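Student: Take a look at the following structure, please.
The values are calculated or read from the model by the stated rules, or taken from the named source; none is laboratory data. Everything quoted here is computed from the prediction, not taken from an experiment. All Cβ positions, even for glycine, are placed from backbone atoms using ideal geometry, and neighbour counts span all protein chains on display. Side chains included, ligands, DNA and RNA excluded: accessible areas come from the protein's heavy atoms. Shrake-Rupley method; radii C 1.70, N 1.55, O 1.52, S 1.80 Å.
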Amino acid sequence: VEPVTITDSMVVSSNLSEADYAAWNSGSTYALGDRVILTSTHKIYESLQAANTNKNPVTESAWWIEVSPTNKWKAFDTSSSTQTLATGISPPSINYEFELGQAVNCIAFLNVTSCNTINVVMTDPVYGVVYDETVSLARIPLSSDWWAWFFGQKREKNQYVALDLPTYPNATVEVTLNGTSTLGVGIIMFGQQQSFSLGMQYGARLGIQDYSRKETNDFGDTVFVVRAFAKRATYDVFLENSELDQFQNYLSNIRAKPCLWVGSNEFEATTVFGFYKNFDILLNYPNHSECSLDIEGLT
C-alpha cells in the first residue's frame with residue numbers, strides 16, 4: 001500500500017489542538033533551548049543559540065533545529081515511533097475527519113498503544129454512510145487456555161489494518177480511537193492496495209532490528225539503553241509470469257519510498273511499514289516465477 005500524503009486541506013477537523021509550544025514570532029527573542037512551533041509546517045523547532053531574534057526556523061538552520069512534527073501531525077509522518085497522544089483529552093480519544101478527494105481502499109493504524117476501540121466511518125455526500133466499522137483492540141491472553149485467560153499476562157494489539165474500504169472518492173472518513181490516558185497512535189495512513197503473486201510462501205523470514213544500546217562497563221555491569229526498533233521481513237512469493245513486468249515496474253516506481261507491506265492477513269508480524277532493500281526474481285518456469293523480497297521497516 002503506497003500511502004496518501006496527508007495535507008492541510010484533507011484534515012477537515014480534529015479534537016486535537018496544535019499548541020505544543022507557542023507559535024514562532026519574528027519579533028520575539030528566544031534563548032538557547034527554547035522551543036516553538038510553525039503551524040505552516042506543523043513542526044516543532046528548538047533554538048540553537050541565545051539572543052535568537054527574527055531568524056526563521058525553516059531557513060535559518062544555524063539558529064534552529066527541527067525537533068519533530070507537532071502532536072497533531074505526528075501520526076502522518078514516516079516514523080511509527082513518534083506518536084500522536086491524547087494528552088489532556090477526557091475521556092481519552094483521538095479523532096480526525098478527512099476529505100481525501102481520491103479513492104482509497106485501505107486504512108492502517110500502526111504502533112497503537114492503550115487503545116480499546118477504533119471506529120472508522122465513511123460517509124458519501126450522495127449515498128450517506130457507506131462504511132461503519134468498530135474493532136476492539138482490548139488486551140488478550142498470550143495463550144489460549146483457561147489459566148492464561150484468568151491469571152496470565154495479557155497483551156494489547158498494537159495495529160489495525162482494514163483492506164476493505166469501499167471506493168467513494170468524494171466521501172469523508174472519520175476515525176476515532178478510544179482508550180486510556182496513555183492512548184497514542186504512531187501512524188494513520190490511507191492508500192490503494194496493490195496485490196501481486198499467488199501468495200506468500202512458507203519459509204518467510206520475520207524479525208526486528210533493535211537499536212537499543214547494551215554496554216558492559218569495567219566492573220562487569222551491563223547497561224541497557226532502550227531505543228527504537230524496526231521490523232524486517234523477507235517474503236518469498238510465487239508470481240505468475242503475466243504479472244512479472246507489472247510487478248517489477250511497480251517496485252521500481254516506489255523505490256526509496258515508505259509503504260505498508262502486508263505479507264499475509266493471518267499474521268500481524270508479516271505487516272511492515274518501511275521500504276524494500278532489494279528483490280530478486282527467478283524466471284524458472286514457463287508460467288510462473290519465484291521472487292524474494294527484502295523489506296526493512298522504519299522505527
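Student: Within the range 111-154, which residues are among the charged types (D, E, K, R) and either closer than 23 Å to MET189 by Cβ or at pLDDT 95 or above (or both)?
Tutor: Once the filter is applied, which keeps residues that are among the charged types (D, E, K, R) and either closer than 23 Å to MET189 by Cβ or at pLDDT 95 or above (or both), the range 111-154 yields ASP124, ASP132, GLU133.
Student: Ok, one more. Looking at the range 162-200 only, could you name the residues that are under 22 Å from GLY263 (Cβ atoms) and outside any strand (DSSP E or B)?
Tutor: LEU163, ASP164, LEU165, GLN193, GLN194, SER195, PHE196, SER197, LEU198, GLY199
Student: Hey, another quick one. Among the residues of the range 250-299 satisfying the criterion of being part of a loop (DSSP other than H, G, I, E, B) and under 14 Å from MET200 (Cα atoms), which is farthest from the chain's Cα centre (by Cα)?
Tutor: The extreme case among them is GLU266.
Student: Between VAL121, VAL104, which is in contact with a strand residue (DSSP E or B) (Cβ under 7 Å, 6 or more places away or on another chain), part of a strand (DSSP E or B) and open to solvent by less than 40 Å² (accessible area, probe 1.4 Å)?
Tutor: The conditions single out VAL121.
Here's the yes/no breakdown for (1) of a type in the set (Phe, Trp, Tyr); (2) open to solvent by 40 Å² or more (accessible area, probe 1.4 Å); (3) part of a strand (DSSP E or B):
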{"position": "THR5", "(1), (2), (3)": "no, yes, no"}
{"position": "SER9", "(1), (2), (3)": "no, yes, no"}
{"position": "THR41", "(1), (2), (3)": "no, yes, no"}
{"position": "SER80", "(1), (2), (3)": "no, no, no"}
{"position": "ASN95", "(1), (2), (3)": "no, no, yes"}
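Student: Show the residue pairs that are 6+ apart or on different chains and have beta-carbon atoms under 8 Å apart, the first residue being within the range 252-269 and within 19 Å of SER79 (Cβ to Cβ), the second being open to solvent by 30 Å² or more (accessible area, probe 1.4 Å) and polar (S, T, N, Q).
Tutor: PRO258/THR78
Student: Restrict the check to the range 156-176 and report whether at least one residue is among the hydroxyl-bearing types (Ser, Thr, Tyr), open to solvent by less than 60 Å² (accessible area, probe 1.4 Å) and more than 18 Å from the chain's Cα centre (by Cα).
Tutor: Yes, some residue in the range 156-176 is among the hydroxyl-bearing types (Ser, Thr, Tyr), open to solvent by less than 60 Å² (accessible area, probe 1.4 Å) and more than 18 Å from the chain's Cα centre (by Cα).
Student: Taking ALA233 as meeting all but one of (1) surrounded by 13 or more Cβ atoms within 10 Å (Cβ to Cβ); (2) assigned to a strand (DSSP E or B); (3) free of Cβ contacts under 8 Å to residues at least 60 places away in the same chain, write down the number of the exception.
Tutor: With respect to (1) surrounded by 13 or more Cβ atoms within 10 Å (Cβ to Cβ); (2) assigned to a strand (DSSP E or B); (3) free of Cβ contacts under 8 Å to residues at least 60 places away in the same chain, ALA233 is out only on (3).
Student: Okay, next question. Just one of GLY179, GLY191 is within 16 Å of THR271 (Cβ to Cβ) and not charged (D, E, K, R); which is it?
Tutor: GLY191
Student: Just to be sure, is PHE76 modelled with pLDDT of 95 or more and open to solvent by 20 Å² or more (accessible area, probe 1.4 Å)?
Tutor: Against the criterion (modelled with pLDDT of 95 or more and open to solvent by 20 Å² or more (accessible area, probe 1.4 Å)), PHE76 qualifies.
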